[in-house]
1. Given contacts defined as C-alpha pairs under 8 Å and at least six residues apart, what's the relative contact order of segment 52-220, whole-number percent?
2. For segment 563-631 and segment 154-174, what is the centre-to-centre distance using only Cα atoms, to the nearest Å?
3. Given an 8 Å cut-off on Cα distances and at least 6 residues of separation, report the relative contact order of segment 236-317 as a percent.
4. Provide, in order from the shortest bin, the percent of all Cα-Cα pairs of segment 52-220 in each 10 Å bin, continuing until the bin that contains the maximum pair distance.
5. Would you order 185, 430, 549 from fewest to most other beta-carbon atoms within 10 Å of each residue's own beta-carbon?
6. What is the fewest-to-most order of 517, 422, 396 by other Cβ atoms lying within 10 Å of their Cβ?
7. Take the Cβ-Cβ distance between residue 328 and residue 579 as r, set R0 to 35 Å, and report the resulting FRET efficiency rounded to the nearest 0.05.
8. Taking the Cα atoms only, what angle lies between the long axis of helix 320-333 and the longest principal axis of the chain, rounded to 10 degrees?
């Protein structure tokens, strides 16, 4: 039902009907609601009956949480701290915002196709309507809409402010909970709107709009769906039931994945789910994960130190092996100090969390790793501002905008060194000329790039800061991992001495997480010795050149070969055909890469054989020649 007066929309509502016998009753209720509106009789009233193409799926109502004694501004700050402020500003200050605005969580920009129309969240109703009448219920209608929006893949959160001057209770919905916010706006204010925060890396804008506007859903009653002061109609759903609904939505969006089980070490050949394959997808780039000397070092250290470290680094978890490896990595990469973390993910996450503060401006490549993205979300909670720049296009140099002056906001550029999906190198020369602080995560480059394997920094000529001119210094922070080329576990941050001191005291995963056990640390130390004293990096470089040649790819000199396919279905088919031929090289598709840009991701190891790479090229070439995919 849609009603208007003097050309302005005054009332709207809809119901899902499962039996034709309900139509007349519901039509009467909706008509009554329109004609008794506080704005008077409408000039026009339209009732539309539309047959749905699919039966509505059922989703559980969000859990409702009352604000208690927390002031509206404090509650909003807690719930929206990691999201762009533009969403709340729009919801509070809009005049007659029609539909919902979609806010990209990475850029803070509105991305809905039609800003004048917005996105109409529709085709939802309560499964049990026995407590309903034709009267308007702000709470139940808002809860129904919020529940559907939160079930949509790609929707992270929602903030809503009613444009009814007499209704000052709004809400924030996220993480399965509907948070009521009293006094979200001044009484009498006609302003209000709805903003949905979305992640386009999970679902495209078109997919989100299609779900919100076209997918029918029933909302199951629960105690959380009952307005305050009323007895619950049904008991709350169990956690597993809520998870099942979210899993179903994830699966229906084509996003579900399943782990594969390895029955062997990850060498050139590996047993996966009980079958042997030529392996072209491992990050064990140098083949050191099962090198006999690396394995022996891990076994000896485990026998001496035990299988667990016994605590965090600041309690009982620092052994001489930790300090020896930190010193060796710092010296090898040309830094004053190095800090070990349990994983590379933790290293990125906690470094950004620890560095963040009021006024810090962070610039991030749109293709950065998830650990950097999550770290920046934590940084925003501490007052940092984040701006995402197009892939490989960092901000240019601006006078006085770096971290060296106290009258300007410090700026930090954060980037992968070697991007894990595309195999692109970060434009370090441009980044280092920007005048900003710099943080480079070279997880895939350290051990694989540069003559001695010291990564993109070595390739850019930025090693050994003592011998470099003042305008050619290395990145302020260089992050690496021990779980790829080193064939072990853990992550590390190379940096200045005072930065390392800060991380050891304020990086939360360093302070509160149990440290690496002796085995992986000893393995990584032995891997570093082999990298420095043998030709293992050279062997990898020769294999990369050979693979690029037989596959007919441009010579880029990186161990990640992204073979473009484009269509997601075709990429999956190519990967399946490779698997049938005994070759393991997975398809990488949306949302890991942009839609329509699916690839076969091939990784090269130092111990691959020419015969194995020839076999890969022989099987892959005809699959990429435009052959139709069988039905």
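The numbers here are math on the coordinates, done by the rules we state, and not lab data. Please read these numbers as outputs of a predicted model, since none were measured by experiment. In this analysis, Cβ positions are derived from the backbone assuming ideal geometry, glycine residues included, and neighbour counts consider all displayed protein chains.
1. So the answer I get is 37 percent.
2. The two parts, judged by their Cα centres, are 46 Å apart.
3. 14 percent
4. All Cα pairs, binned at 10 Å, distribute as 10, 40, 38, 11, 0 percent.
5. 549, 430, 185
6. 396, 422, 517
7. After rounding to 0.05, the efficiency reads 0.30.
8. 90 degrees
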